[in-house]
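Novice: Let me begin by handing over the structure; questions about it come next.
The values are calculated or read from the model by the stated rules, or taken from the named source; none is laboratory data. Keep in mind that what you see is a predicted model, and the values were worked out from it rather than measured. All Cβ positions, glycine included, derive from the backbone under ideal geometry; neighbour counts span all protein chains shown. Surface accessibility is based on the protein's heavy atoms, side chains included, excluding ligands, DNA and RNA. Shrake-Rupley method; radii C 1.70, N 1.55, O 1.52, S 1.80 Å.
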Amino acid sequence: MDRWQQQQQPGTRSQTNLRSSSRHRDLARTMVSNMSLDTKIGQMSQIDIAKIIQKNDDGTIVPLYDKILYYFGELAIGSILNCPNTNGQQWNATQYREVVTAIRNVTDEFGLPPVIWGLDSVHGANYVHGAIVTPQQINLAATFNTTVAYEAGRLASKDTRAAGITWLFSPILGLALQPSWSRVYETFGEDPMVVSEMGAQLIRGIQTPDDDEDAVPRRAAACAKHFVGYSMPR
């Protein structure tokens, strides 16, 4: 029996997914029910990375571990976004992972869920030093090739996950309706059909699990964005 036939067998994959979803739902309910109001407020909050880093006199950017303890332990903040980018300086995957690990150690110590870190990996993991940079979305759209969009998403996911980050603020699905707007380049253009087809494949590329079953993390979540008040607000 080949892989496709296995996927079509009734009651195999679907039942496994249902059991897994039920288990995760029960776990989430238990965790939330055990939280105080202050913890719930913290979990629903997101801070910028500027809160936990500092720039040294030599220009290097370093994490502040006392701030990591304060924000993700004492305040139980649930999410962080952005990258340490000062004068073009960026962290590599190893540097990101060190901070991800430090945050995870704090949340484990306080019995909290893992923190979700979001990064604007919109054309490859463009905020991870040494990552593969793919074309901007307007260039992907110009190919009219959805496979190219899928591969761009897959590469962005792989290099973002290499940094230990599992949430990509991508793709941009706003329509470029105003040609004089300065951010046309980061969209798939003005055609809703092209935007939807290319966007769907980019999301699929981002969220497809890594071929390496031992990869940690093995998968990431996309975050489609910029629907309101983007290129031509009225």
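Novice: Compute, for Thr146, the solvent-accessible surface of its heavy atoms (probe 1.4 Å) with the complete set of protein chains present, and express it in square angstrom to the nearest 10.
Specialist: 50
Novice: For Lys225, list the lysines whose Cα falls under 26 Å from its own Cα; do not include residues on the same chain fewer than 8 positions away.
Specialist: Result set, ordered by chain and number: Lys40, Lys51, Lys158.
Novice: Would you kindly find the accessible area of Asp38, with a 1.4 Å probe and non-protein molecules such as ligands, DNA and RNA excluded, rounding to the nearest 10 Å²?
Specialist: 120
Novice: Largest first and to the nearest Å, give the Cα extent of region 132-175 along each principal axis.
Specialist: Principal axes ranked by extent give 31, 20, 14 Å for the Cα atoms.
Novice: Which of the aspartates and glutamates could a cross-linker span from Lys67 if the Cα-Cα distance has to be under 20 Å and same-chain partners fewer than 8 positions apart are dropped?
Specialist: Asp38, Asp48, Asp57, Glu98, Asp108, Glu109
Novice: What whole-number value in cubic angstrom gives the convex hull volume per residue for the C-alpha atoms of region 64-154?
Specialist: Spelled out: Cα convex hull of region 64-154, divided by residues, is 111 Å³.
Novice: Please report the base-10 log of the normalised intensity I(q)/I(0) for region 98-149, using a Debye sum with one equal scatterer per alpha carbon and no solvent, at each q in 0.22, 0.26, 0.29 (1/Å).
Specialist: Values returned for q = 0.22, 0.26, 0.29 Å⁻¹ are -0.83, -0.97, -1.07.
Novice: Can you tell me the Rg and the Dmax, both Å, for the Cα atoms in region 149-207?
Specialist: Spelled out, the Cα radius of gyration and Dmax of region 149-207 are 12.5, 37 Å.
Novice: Hey, another quick one. Taking the Cα centre of the chain as origin, work out the dipole magnitude from +1 charges on Lys and Arg Cβ and -1 charges on Asp and Glu Cβ, in debye rounded to 20.
Specialist: Details: 21 positive and 23 negative charges, 134 e Å.
Roughly 640 debye for the chain.
Novice: Based on the Cα gyration tensor of region 97-234, what are the three equivalent ellipsoid semi-axes, each the root of five times an eigenvalue, rounded to whole Å and given largest first?
Specialist: One finds semi-axes of 29, 17, 12 Å for region 97-234.
Novice: Once the Cβ-Cβ distance between Thr60 and Glu109 is put in as r, and R0 is 35 Å, what FRET efficiency do you end up with, to the nearest 0.05?
Specialist: Given R0 = 35 Å and the Cβ-Cβ separation, E is 0.80.
Novice: Whenever you get a sec, line up Met35, Met198 from highest to lowest accessible area (probe 1.4 Å, protein heavy atoms).
Specialist: Listed by decreasing accessible area, they come as Met35, Met198.
Novice: Once the principal axes of the Cα atoms of the chain are found, what is the range along each, listed largest first in whole angstroms?
Specialist: Largest to smallest, the principal-axis extents are 56, 48, 38 Å.
Novice: Enter the accessible area of Val122 (Å², nearest 10), with the probe set to 1.4 Å and all protein chains included.
Specialist: Solvent-accessible area, nearest 10 Å²: 30 Å².
Novice: Mind giving me the nanometre distance, one decimal, between the label points for Ser182 and Ala224, set 7 Å out from Cα along Cα→Cβ?
Specialist: 2.8
Novice: With r as the distance between the Cβ atoms of Lys67 and Leu27 and R0 = 41 Å, compute the FRET efficiency 1/(1 + (r/R0)^6) and round to 0.05. Could the numbers behind the result be given before it?
Specialist: Numbers: r = 29 Å, r/R0 = 0.71.
Computed FRET efficiency for Leu27 and Lys67 comes out at 0.90.
Novice: Okay, moving on. Please give, to one decimal in nm, the separation of the simple spin-label points placed at Thr147 and Asn92, each 7 Å out from Cα toward the Cβ.
Specialist: 3.3
Novice: At each listed q (0.15, 0.18, 0.27, 0.33 Å⁻¹), what is the log10 of I(q)/I(0) that the Debye formula gives for region 40-85 modelled as equal alpha-carbon point scatterers?
Specialist: Result of the Debye calculation: -0.39, -0.53, -0.96, -1.19.
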